[in-house]
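S.K.: Before I ask anything, here is the structure I am working with.
The values are calculated or read from the model by the stated rules, or taken from the named source; none is laboratory data. Nothing here was measured: the structure is a model prediction, and the numbers come from that model. Here Cβ is always computed from backbone atoms with ideal geometry, including for glycine, and neighbour counts include all displayed protein chains.
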Amino acid sequence: MMKTMTSTALASLVALGALSGAAQAEIRLGASVSASGPAAFLGDPEAKTIEMMIEEINAAGGVNGEEIALTLYDDGGDPNKARTFATRLVEDDEVVAIIGGSTTGTTMSILDVAEDEGIPFISLAGAISIVDPVREYVFKTPHTDRMACQKIFTDMQAQGIASIGMISGTDGFGASMQAQCKEVAGEFGIEILADETYGPQDADMTPQLTRIRDTDGVQAVLNPGFGQGPAIVTRNVAQLGFEIPLYQSHGVASNAFVELAGLDAAEGVRLPGTALLIGDLLAEDDPQYKVVNDYIAAYQAKYDQEPSTFAGYAHDAVALMVDAITRAGSTDPAAIRDAIEATSGLVGTTGIYTFSPEDHLGLDLSAFRMLEITGEGWKQLD
Amino acid sequence: MDALLQFIFSGVTVGAVYALVALGFTIIYNASDVVNFAQGEFVMLGGMITVFAHQAGLPLPLAALLAILATAAIGVALNKLAIEPARGAPVVSLIIITIGASILIRGAAQLIFDKQLHRFPAFSGDDPIRVMGATILPQSLWVIGGALVVFFGLWLFFTRTLTGKAVLATANNRVAAQLVGINTSWVMTLSFGLSAAIGALAGVLVTPITLVAYDVGVGLALKGFAAAMLGGMGNPKGALVGGLALGLLEAMTAGYLSSQYKDAVAFIVILAVLFVMPQGIFGKKSTERV
Amino acid sequence: MEARRKWIQLAVLAALIAVLPFFFPSGYYYRVGALIFVNGLSVIGLVILIGYAGQISLGHAGFAGIGAYACALGPQHLGLHPGLALILGAVISGLLALLIGRPILRLKGYYLAVATLGFGILVSMLLTNERALTGGPDGISVEDLGLRALLRDLGWRISGGEFWYGASGIALLVGAWLALNLFDSPTGRAMRSLHGSEVAASTVGIDVARQKLRAFVISAVYASVAGSLLALQNGFITPDVAGFMHSIEMVTMAVLGGVGSVLGATLGAAILTLLPQVLTVFAEYEQLVLGAVMILVMIFLPQGLLPSIARRLRGRGE
């Protein structure tokens, strides 16, 4: 019984494999993102972006005259599944490169397979540990959470803020950024007087915020997190009548956040964001103007939504990959890897990428823009 | 002092959310001894359907009414299609069936709606009410009021109405209930419809505070289930007290001990209570039928 | 069950594990196979707890988490060999089960469910929050077992996928053998007597609490070893392994395949592991299909797939 079940299942797997590998003269690109599950907030727009861009590229004649055959899997945010899909992409679908890893956990699972098999992999996750130490085949597009902390602290320093309270989500994004911020705060002469957390599904953070409010000397609140948490924190801060500024992270840099928190509560919130958020505010001679606005227009036309910052990471990963394959002029994974590493001055939505053997992130702090939410929309502060 | 009051406000708000979810468990459990793990999905549906109906142009009260009716219909369908055919299955099979239903509803919701977070405006604005230095949002009062109304409604239903007593009789002994002329099939349909409606009402009330997305049901069901068990499953009083206790416990832990371990403290207390009172605080003592 | 049937079941399992690789078109299938075996191992533990002793647990992923993190943290903080860490994890899980089992197992039905659920959540919360020790929600890498390098030195070169396919396959066989032996032993009979009625069992002189506790401890060790093997195989682990969803997944596998049957539980593990792989083309509908499968199997095959089908076949034969 079990045998027939298993072999039926295996047969269907083989059939699927044969289906995806049927056409010749094509570039096989793999992707594994968290389009469902707790990280769907990140992975869903990423998947949409990857699919949209590959369609566009193929419609425009492909890369070096060859079509890109995309195999995209939804790992549901589960690192175990992500590893299985990475193995499948490499061993079964025989892809030449992988994009994906919406969370740090799934990235770390894919990364192992990519390194072992020598397949270039561009990750969409934040943690600095992905590219530090540098791994031969692993690159990433988002800035690190450490950079977000540095950007925020730079702004605080300029405002004369020296002591803050932190309230962080206990999900991967929040916890990782919390740790990074605590590490670099000293470099900016900033002291963290209160350090609170909340669960990703919590409905009310007023107890934690009351503790922060009642801590003597707190001059600002910083909230690393994504999803509903920061929206509720923002609303609770307004409810409690805080008179000190609230800083959010790049995790909520989107108009949807302003809607969820309500403009009344969100007004005055500061956060580091990317050019993607302020496409309409960019000067026409801004190097990112065209890339950003073309992408926003295409995404909106196709999905009737605004692309999020996370979607932008996927955009940049595809752009980097396609650029590298074009320059490599071959579908040899090692050649593509070398071409990615040689990328210089590629303009993405997140920033302008220049990789080197020592730097597989290729962005600096200038990619971040410090933004403030105002009644008229986003305002760039620097 | 105003900090303590703030913690209490927070605890009661969150506790009322848990209580509303926990109350939804009681009717189905009373009618059939089934703990419906899809109860959280009813809450999610209440929120999501309201959001999308509102976006489509319906006024908020109408959208909410539509959401509650539609969810009640889904509850009835769940009973007809999944619970009734599995009559007499062991507890573990029923758990798997309702978890399966929860996964199915979530899967459908992500296809029909979307995977984004949503919210609609609070019913009475967002201006906090100040009491002795602490603040509470008007929407919290709606949630607390909702929990109380549902509680009293259920209490009256089970003690004062013939139908409510029929529900209890069905749970107690299905065959005997049928013998005295109770239409047990109708009782089950009614229970699922009512439970789903209460879940959806909870979703409508809490969405302005907690926000809603297709996957919020699991977390809510988990906390509501824990609250119901703490108070004693099947007893509306238990659901209300269990929910409020859980919310207050979390808020006090976050306020005075550590926000990192507030959920942990909540579960440790639940474990401790169950060790002393294996049927929860207000649970009925039962003896095993041999 | 007579001894012959035990050996038939083991032989079927062993033959499947040994023969399937001849049909594998690529290395990816070894990975899926290894996952099925690891899941199967933890689910066999639940067969002993749920199927034999009739007790439910919605928190067994907690033990899997302990096993997994023992393999991650043991080598890192204590300098233990990963293999020894696996044993340490199993010992810790067993002792913990012994400690919490007695009060928890006094509870019945849904109250037992919520207590075990609370235990699982506590473990996963600890793993998530103690970032300095466990690496937090982003996970932690796990040292290689080193066995593959040893084999290579002996002149046997096999890929990681093949190695873990073999290693997990052997672990599954051993686990199945032990569980089948237990089934027929006096202890196993005593456990199974609880399933019918605890009151009846105690009137014939069975120490109910003791038998429940035994089943709980044994199943905890199974889950722990499976968690360790998963961690070693993946080389990386996150607190998800201890999460509520993983507990649910384990129970579902057991119940779907047939919670009273070792082979059935393995089948359940195989189906739920394969399902998301088969459904990738319809990824959007994966949850819909999974939910529908769970409901339909429970309605139409309430004993689980394998026992229900076996019964039907036998019924026709006689």
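S.K.: Assess whether C:Ala283 counts as being of a type in the set (Gly, Ala, Ser), within 14 Å of chain B (Cβ to nearest Cβ), under 30 Å from C:Leu86 (Cα atoms) and surrounded by fewer than 19 Cβ atoms within 10 Å (Cβ to Cβ). Before you say what the answer is, go through the steps one by one.
M.R.: Working: of a type in the set (Gly, Ala, Ser): yes; within 14 Å of chain B (Cβ to nearest Cβ): yes; under 30 Å from C:Leu86 (Cα atoms): no; surrounded by fewer than 19 Cβ atoms within 10 Å (Cβ to Cβ): yes.
So C:Ala283 does not fit the description; no.
S.K.: In the range C:107-119, is there at least one residue being surrounded by fewer than 16 Cβ atoms within 10 Å (Cβ to Cβ) and part of a loop (DSSP other than H, G, I, E, B)?
M.R.: Scanning the range C:107-119, I find no residue that is surrounded by fewer than 16 Cβ atoms within 10 Å (Cβ to Cβ) and part of a loop (DSSP other than H, G, I, E, B), so the answer is no.
S.K.: Show me the strands (runs of 3 or more DSSP E) entirely contained within the range A:25-111 in which 3 or more residues are crowded, with 21+ Cβ neighbours inside 10 Å and more than 16 Å from the chain's Cα centre (by Cα).
M.R.: Values: elements: A:26-33, A:67-74, A:97-100.
Ranges flagged: A:26-33, A:67-74.
S.K.: Which residues, taken from the range A:241-253, are in contact with a helix residue (DSSP H, G or I) (Cβ under 8 Å, 6 or more places away or on another chain) and either surrounded by fewer than 23 Cβ atoms within 10 Å (Cβ to Cβ) or more than 11 Å from chain B (Cβ to nearest Cβ) (or both)?
M.R.: Passing the criteria: A:Phe242, A:Pro245, A:Leu246, A:Tyr247, A:Gln248, A:Ser249, A:His250, A:Gly251, A:Ala253.
S.K.: Please go through the range C:1-20 and pick out each residue that is of a type outside the set (A, V, I, L, M, F, W, C), within 12 Å of another protein chain (Cβ to nearest Cβ) and exposed (fewer than 15 other Cβ atoms within 10 Å of the Cβ). Quick ask: steps written out before the conclusion?
M.R.: First pass over the range C:1-20, keeping only residues of a type outside the set (A, V, I, L, M, F, W, C): C:2, C:4-6, C:9.
When the remaining residues are screened for being within 12 Å of another protein chain (Cβ to nearest Cβ), the result is C:9.
Within the range C:1-20, none qualify.
S.K.: Further question: Select from the range A:115-129 the residues that are in contact with a helix residue (DSSP H, G or I) (Cβ under 9 Å, 6 or more places away or on another chain) and in a helix (DSSP H, G or I) and write down the one among them that is surrounded by the fewest Cβ atoms within 10 Å (Cβ to Cβ).
M.R.: A:Asp116
S.K.: To continue, here is another question. Residues to consider are A:Gln228, A:Gln305, A:Gln300, A:Gln288; find the one that is under 30 Å from A:Ile54 (Cα atoms) and either among the hydroxyl-bearing types (Ser, Thr, Tyr) or within 11 Å of chain B (Cβ to nearest Cβ) (or both).
M.R.: Just a single option satisfies the conditions, and that option is A:Gln305.
S.K.: A further question on this structure: Give the residue that is nearest to A:Asp116 (Cα to Cα), with candidates limited to residues of the range C:234-266 that are within 9 Å of chain A (Cβ to nearest Cβ) and of a type in the set (S, T, N, Q).
M.R.: For the range C:234-266, the residue satisfying everything is C:Asn234.
S.K.: Among A:Ala317, A:Ala335, which is the only one that is touching a residue at least 60 places away in the same chain (Cβ under 8 Å), assigned to a helix (DSSP H, G or I) and not hydroxyl-bearing (Ser, Thr, Tyr)?
M.R.: Sole residue among the options that is touching a residue at least 60 places away in the same chain (Cβ under 8 Å), assigned to a helix (DSSP H, G or I) and not hydroxyl-bearing (Ser, Thr, Tyr): A:Ala317.
S.K.: What is the number of the single condition among (1) crowded, with 20+ Cβ neighbours inside 10 Å; (2) out of contact with any helix residue (DSSP H, G or I) (no Cβ under 7 Å at 6 or more places or on another chain) that B:Thr159 does not meet?
M.R.: The one condition B:Thr159 does not meet is (1).
S.K.: Tell me, yes or no, whether the range B:200-213 has at least one residue that is in a helix (DSSP H, G or I), closer than 21 Å to B:Lys80 by Cβ and free of Cβ contacts under 8 Å to residues at least 40 places away in the same chain.
M.R.: Within the range B:200-213 (the criterion being in a helix (DSSP H, G or I), closer than 21 Å to B:Lys80 by Cβ and free of Cβ contacts under 8 Å to residues at least 40 places away in the same chain), the answer is no, since none of the residues qualifies.
S.K.: Return yes when C:Ala190 is modelled with pLDDT of 90 or more and either buried (at least 24 other Cβ atoms within 10 Å of the Cβ) or in a helix (DSSP H, G or I) (or both) and no when it is not.
M.R.: So C:Ala190 does not fit the description; no.
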